1. With a sphere of radius 14 Å drawn around the Cβ of residue 122, what net charge do the other residues whose Cβ falls strictly inside it have (Lys, Arg +1; Asp, Glu -1)?
2. Give me a comma-separated list of calculated 3J(HN,Hα) values for the range 127-134, in order, Karplus coefficients 6.51, -1.76, 1.60 applied at θ = phi - 60°, integers in Hz, x for any Gly or Pro.
3. In a GNM of the chain with a 10 Å cut-off on Cα contacts, which of 123, 84, 74 has the highest mean-square fluctuation?
4. Would you work out the Kirkwood radius for the chain? I mean one over the mean of 1/r across all pairs of different Cα atoms, in Å.
5. Using Cα springs under 10 Å in a Gaussian network model of the chain, which residue among 25, 69, 100 shows the largest mean-square fluctuation?
6. Using only helices, what value at 222 nm comes out for the chain when you add -39,500 (n - 2.57) per DSSP H run of length 4 or more and divide by the total residues, to the nearest 500 deg cm²/dmol?
7. Could you give the angle, 0 to 90 degrees to the nearest 10, between helix 3-21's Cα long axis and the longest principal axis of the Cα atoms of the chain?
8. Rounded, prolate or oblate for the range 40-134? Axes are the square roots of the Cα gyration tensor eigenvalues, ordered a ≥ b ≥ c, and the cut-off for rounded is a/c under 1.5.
Amino acid sequence: MKLHSLILLLVLVAIAAFAALNWGVFLAPTELSLGYTTVNMPLGLIMLGLLAVVTTLFLAFVVYLQGSVLFEARRHSRELHANRELADQAEASRFTELRVFLEAELNKQSAQNGDSRDVLLARIDRLEHEFRSFMEQSGNTLAAYIGELEDRIEKMSIPPAVR
């Protein structure tokens, strides 16, 4: 129990004890003026009744405030839940967009890599063909030089009379 509830309960108990101890005085009739007439009634009992009415009104007001706070808290909770769902949907949408973007970029990179690979393989094939052609020409040139050297060597080794 909270402190202010405990204090309120103690005050109500003290008022009830005071009324019980002075019940005879509370019931003693007194001449009361109502403005246009006078009435003979117990003033203590009227004041005690007014206190009960005011206490009941305050308790009703407190219950009303607590109820409205509870309804407001529920409304905020529903709004928070709806906003959380919207945020989750937006996050999922962003992830979907990111996945689609990444897939598109990866496909584009894959196509570029495939094109680059094809160009590179074609260039390697061309260079290999040129290298073989060069090697063949070098081999032919070398064979021609060797043949020329063999002819010179043969001419030098044949005696001059046979010539």
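Values in this text are rule-based calculations from the coordinates and carry no lab data. Treat the numbers as computed from the prediction; the structure is a model and nothing was measured. Here Cβ is always computed from backbone atoms with ideal geometry, including for glycine, and neighbour counts include all displayed protein chains.
1. -2
2. Per-residue couplings from phi come out as 5, 5, 4, 4, 5, 5, 4, 4 Hz.
3. Taking springs between Cα atoms under 10 Å, the residue moving most is 123.
4. That comes to 28.9 Å for the chain.
5. 25
6. Details: 3 runs with 138 residues, N = 163.
Dividing the helical sum by the residues of the chain leaves -31500 deg cm²/dmol.
7. It works out to around 10 degrees.
8. Working: a/c = 22.79, a/b = 12.56, b/c = 1.81.
Judged from the Cα gyration tensor, the range 40-134 comes out prolate (a/c at least 1.5, a/b above b/c).
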